[in-house]
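What follows is one structure encoded as structure tokens, with my remarks underneath.
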Number of protein chains: 2
Amino acid sequence: MKPLQQQQCSLCRADSAPVMGAELDGLMGELGDWQLQMQGSVQQLEKLFSFSGYAEAMAFTQRVGELAEAEDHHPAILTEWGKVRVTWWTHTIKGLHINDFICAAKTNQLA
Amino acid sequence: MKPLQQQQCSLCRADSAPVMGAELDGLMGELGDWQLQMQGSVQQLEKLFSFSGYAEAMAFTQRVGELAEAEDHHPAILTEWGKVRVTWWTHTIKGLHINDFICAAKTNQLA
């Protein structure tokens, strides 16, 4: 299997199974420093990126936005002075798909 | 007094008084459709803007970022597919300054 950051997002259907159990543990280990969190009943991947000012934070937000369009998969991005919080999950399955891990790994490369 | 969107942000000092009472009511009336909210003990101005897709939302985020740099006053911007939530408050006084109302009015003009 290729490293996550070298994979492409695949079509996710409403009946696709969310990532769980040993697969989830393995992917979290590969990602390294992302956090799992629950938003209501929806599991999400989240990471806070720090920057030295606002322009740097906004430039990163823009790059994540370009990644989102390229992968046709769209995160929530909270931009503030010196920090950006990126949250990935898959609306279609109300949880985590392999696509979220691929995009999280690619987000790391943009920071 | 000029309309809010024609004013410029002024220097806010740590001992500047937050906007309250009748002044707050008047400014909220002038803004129209922003919400007051509390984040812990900090009063903030918040509004959700809707768009027809991700690219439109991200372009708006970028414009708000340019406004923030021009005014040297920086909001929190949450960007998702089809929507952007903008939150203004003044860190220095842990509350609302006239600058927040000026920037909220200018944010309306960017949507």
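The values are calculated or read from the model by the stated rules, or taken from the named source; none is laboratory data. Predicted model only: the values in this text are computed from it and were never measured. FYI the Cβ positions are ideal-geometry reconstructions off the backbone, even for glycines, and counts take in every protein chain you see. Accessible surface areas use protein heavy atoms only, side chains included; no ligands, DNA or RNA. Shrake-Rupley method; radii C 1.70, N 1.55, O 1.52, S 1.80 Å.
Rounded to the nearest 100 Å², what is the buried accessible area between B and A, both sides summed, probe 1.4 Å? Write out the running numbers ahead of the final one.
Values: alone 6230 and 6240 Å², together 11070 Å².
Using a 1.4 Å probe, the pair buries roughly 1400 Å².
Please get the size of the charge dipole for the protein assembly as shown, origin at its Cα centre, with Cβ charges of +1 on Lys and Arg and -1 on Asp and Glu, quoted in debye to the nearest 20. Each step should come with its number before you reach the end.
Numbers: 16 positive and 26 negative charges, 4 e Å.
Once rounded to the nearest 20, the dipole reads 20 debye.
Given A:LYS83/A:LYS106; A:LYS2/A:LYS106; A:LYS83/B:LYS106, which pairs have Cα atoms separated by over 25 Å? Write out the running numbers ahead of the final one.
Working: A:LYS83/A:LYS106 18 Å; A:LYS2/A:LYS106 13 Å; A:LYS83/B:LYS106 23 Å.
Over 25 Å Cα-Cα: none of the listed pairs.
Relative contact order of chain B, please, whole-number percent, based on alpha carbon pairs below 8 angstrom and at least 6 residues apart. List each step's numbers first, then the result.
Values: 163 pairs, mean separation 41.3, N = 111.
Dividing the mean separation by the residue count of chain B yields 37 percent.
Using only the Cα atoms of the stretch A:19-110, construct the convex hull and provide its projected area averaged over every direction, in square nanometres to one decimal.
Working: hull surface 22.5 nm².
Its Cα hull, projected and averaged over all orientations, spans 5.6 nm².
Using a 1.4 Å probe on the protein chains only, how many percent of the accessible area of the stretch B:19-110 belongs to carbon and sulfur?
Numbers: 2000 of 3970 Å².
That fraction is 50 percent.
Given charges of +1 on the Cβ of Lys and Arg and -1 on the Cβ of Asp and Glu, with all other atoms neutral, how large is the dipole of chain A about its Cα centre, in debye to the nearest 20?
Details: 8 positive and 13 negative charges, 17 e Å.
Approximately 80 debye in magnitude.
Return one quarter of the surface area of the convex hull spanned by the alpha-carbon atoms of the protein assembly as shown, equal to its mean projected area, in nm². It would help to have the intermediate numbers written out before the result.
Details: hull surface 53.7 nm².
Seen from a random direction, the Cα hull of the protein assembly as shown projects 13.4 nm² on average.
May I ask for the angle, rounded to the nearest 10°, between helix B:21-31 and the longest principal axis of chain B, with both axes built from Cα atoms and the value confined to 0 to 90°?
Once rounded, the angle reads 30 degrees.
Report the calculated FRET efficiency for B:SER52 and B:GLU30 (r = Cβ-Cβ distance, R0 = 30 Å), to the nearest 0.05. Provide the component values of the computation, followed by the final result.
Details: r = 28 Å, r/R0 = 0.95.
Efficiency for this residue pair is about 0.60.
Using heavy-atom solvent-accessible surface (probe 1.4 Å) with all chains present, what is the largest-first order of B:ILE102, B:ILE93? Display every interim value, and only then the final one.
Values: B:ILE102 0, B:ILE93 25 Å².
Ranked list, largest accessible area first: B:ILE93, B:ILE102.
Output the peptides A:23-36, B:2-15 sorted from most to least packed, where packing is the average of other Cβ atoms within 10 Å over each peptide's residues. Can you show the working numbers first?
Working: A:23-36: 13.9, B:2-15: 11.6.
Listed from highest to lowest mean packing, they are A:23-36, B:2-15.
Hey, got the dipole for the stretch A:49-111? About the Cα centre, +1 on K and R Cβ, -1 on D and E Cβ, debye to the nearest 20? Intermediate values should be presented prior to the final figure.
Working: 5 positive and 7 negative charges, 41 e Å.
Dipole magnitude for the stretch A:49-111 comes out near 200 debye.
Just which residue of chain B brings its Cβ nearest the axis of rotation onto chain A, and by how many angstrom, rounded whole?
Residue with the nearest Cβ, plus whole-Å distance, for chain B: B:LEU78, 2.
When Cβ neighbours within 10 Å are restricted to other protein chains, what is their mean count per residue of peptide A:72-85?
On the way: counts 1, 2, 8, 4, 6, 8, 7, 12, 8, 6, 1, 1, 2, 2.
Going residue by residue through A:72-85 and averaging, the value is 5.
I need the inter-copy label distances for B:SER41: point set 7 Å along Cα to C-beta, values in nm with one decimal, smallest first.
3.9
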